[in-house]
Amino acid sequence: MAAHQEKKLTEERKQQNMQNDTKASQGQWGRAWEVDWFSLASILFLLMFAPLIVYYFIMSCAQYQCSLTDPLLDLLKGNKHLSDIWNRTPTLTYRAAGIYSLWVTFQVVLYMSVPDFCHKFLPGYVGGIQEGAVTPAGVVNKYEINGLQAWIITHVLWFANACCFHFFSPTIIFDNWIPLLWCANILGYAVSTFAMIKGYFFPSNAKDCKFTGNFFYDYMMGIEFNPRMGKWFDFKLFFNGRPGIVAWTLINLSFAAKQQELYGEVTNSMILVNVLQGIYVLDFFWNEAWYLKTIDICHDHFGWYLGWGDCVWLPYLYTLQGLYLVYHPVQLGTAHAVGVLMLGLVGYYIFRMTNHQKDLFRRTNGNCRIWGKKPEYIECSYVSVDGTKYYSKLMTSGFWGWARHFNYTGDLMGSLAYCLACGFEHILPYFYIIYMTILLTHRCIRDEHRCCSKYGKDWKHYTAAVPYRLLPGIF
Ligand code: NDP
């Protein structure tokens, strides 16, 4: 009898532990369940000011030759009123609405209706149907990876038009830049609002939804983890990659075309920005299957942060260097140009190799070679919402032995190179490196907080083995 009671007690304790683990993972894995005042204040700040920041940057270029201080000085000295600036801002036009609708529709068609063929003939490229990571509810989603193909088709058509057909001017994006901003905002707000309503009323997977009860937090950080329409239209994959990132290189090409039209030449700085950012974009699509395992897809829920961010913030602020160079055509000296190129390429190499090492390590479950040796790692475990225990490994070899996020360091070096290509006359093109430093440092801390909650003491072993975050010996 006593033995029977002991067994029952042990079973109850086991159940209790399982529930606690589940609560812990529900509470900490992915975005937060409870909102502290600091997060709420940051979110309200961003919701109110991020659209204004984008407007301010673009308006400064259009009306003040990219000076960030002159508009403020004009307003403070009373030379201008807000209404003067606003009245000079182009409004939404039917033409821009038509261009934007066509653009988004075309990208939806490429995403949904053209199965990937690139993986059939490009050696080493992983495309077609791929699996994402395990979600907190234990779901593994399938994705149609065809972004590289969408990028190639779009750019072939762009060049065919520019060289042969001449249906529209290659400067079309620059010429409609502000009217297109209003269209991008409409889509950004529409998709974020729709995602919120969908999260409440018809989520794709109810177990992967998070509600804090705070409207603003839920709107900003998202409720649904992987919202989908039908089986294949995945909001996160579509909105992050296309229309935003496919557009990135086209926007830069349009800026280069504008330089050619205005000054009769394209400067070496504009070529550098086009090439370095082009490599980054192509890399993204070449590795789109890898992207399924990054934080955006694995941990972030889909809200305004991703929806509006992908539609507006990314295409408008990541392309500031090209826009700046239309207003200030900088011709760099040879040493400066080579320095920028080298910094950009070395940064890209570190970024790519670090990401590649982790991807290879995770794909082969550690059965691979990193820098010619078997990788070293720390064994770790975590529990999903349904209480299932999973095992994983944290690598301590290669670039992952130098710092815990050396991929961010490489990314930051590349970002700095784009900015340095613009010379030193104005602060505006340097917004990107300032923003990326804040974004990636915050992301690093956010990711580590999540990993610590997910892996517990195993994470502590890992941070003891690799003590620095971004810069070995410094931070
Ligand atoms: P990472 O690719 O660094 O992924 C972090 C995750 O990797 C962790 O959550 C953990 O996930 C796992 N991990 C951490 N340490 C190890 C280790 N030692 N060994 C094995 N796995 C580990 O981060 P991101 O997804 O943020 O970034 C991907 C790339 O995208 C980066 O290069 C970044 O620079 C770039 N990026 C660019 C942005 C831009 O706007 N240009 C924005 C954001 C990112 P798990 O739970 O699986 O253990």
Quick one: dipole size for region 332-474, taken about the Cα centre, charges +1 on Lys/Arg Cβ and -1 on Asp/Glu Cβ, in debye to the nearest 20. 560 debye
Three-way shape label, region 284-376, alpha-carbon gyration tensor, a/c 1.5: oblate
Paramagnetic label zone (point 7 Å from Cα along Cα-to-C-beta, L282; backbone N under 20 Å) in region 313-330: 319, 322
Please report how far the C-alpha centroid of region 414-454 lies from that of region 127-144, rounded to the nearest whole angstrom. 29 Å
Over what distance in Å are the Cα centres of region 309-369 and region 184-238 separated? 29 Å
Calculated FRET efficiency for the pair V109/D70, C-beta based, R₀ 35 Å, to 0.05: 0.25
Diagonalise the Cα gyration tensor of region 130-186 and give the resulting equivalent ellipsoid semi-axes, square root of 5 times each eigenvalue, largest first, whole Å. 35, 19, 6
Just the accessible area for M112, please: 1.4 Å probe, Å², rounded to the nearest 10? 90 Å²
Tell me the volume per residue, in Å³, of the convex hull enclosing the alpha carbons of the chain. 189 Å³
When N is the residue count of region 109-213, what does its C-alpha Rg come to as a fraction of 2.2 N^0.38 Å? 1.48
Which length gain, in nm to one decimal place, applies between A335 and M229 when the Cα-Cα distance is subtracted from 0.36 nm times their residue separation? 33.0 nm
Dipole magnitude of the chain about its Cα centre, charges +1 at Lys/Arg Cβ and -1 at Asp/Glu Cβ only, in debye to the nearest 20? 1180 debye
What angle, in degrees between 0 and 90 and rounded to the nearest 10, separates the Cα long axis of helix 431-455 from the longest principal axis of the Cα atoms of the chain? 10 degrees
Could you pull the accessible area for K457 with a 1.4 Å probe, rounded to 10 Å²? 140 Å²
Any idea what angle helix 147-160 forms with the longest principal axis of the chain, computed on alpha-carbon atoms, 0 to 90 degrees, nearest 10? 10 degrees
Expressed per residue, the solvent accessible area of the chain in Å² (1.4 Å probe) is about 47 Å²
Once both axes come from the Cα atoms, what is the angle between helix 334-363 and the longest principal axis of the chain, in degrees from 0 to 90, rounded to 10? 20 degrees
Principal axis dimensions, region 90-331 - Cα atoms, whole angstrom, descending: 58, 45, 30
Full-extension gain in nm, Y56 to K142, via 0.36 nm per residue minus C-alpha separation: 27.0 nm
So how much accessible area does F475 have, in Å² to the nearest 10, using a 1.4 Å probe? 80 Å²
For every other residue with a beta carbon closer than 11 angstrom to the beta carbon of F361, add +1 if it is Lys or Arg and -1 if Asp or Glu, then tell me the sum. +4
Qualifying GluC sites (Glu not before Pro) in region 232-326, DSSP loop, other Cβ atoms within 10 Å at most 15: E265
Let me know the shape class of region 332-474, please: from the alpha-carbon gyration tensor, a ≥ b ≥ c as square roots of the eigenvalues, rounded when a/c is under 1.5, otherwise prolate if a/b is greater than b/c, or oblate. prolate
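The values are calculated or read from the model by the stated rules, or taken from the named source; none is laboratory data. Fair warning: this is a prediction, and the values are worked out from it, not measured in the lab. Heads up, the Cβs are rebuilt from the backbone with ideal geometry, glycines too, and the neighbour counts pull from every protein chain shown. Quick note on the areas: whole protein, heavy atoms, side chains included, nothing else; ligands and nucleic acids left out. Shrake-Rupley method; radii C 1.70, N 1.55, O 1.52, S 1.80 Å.
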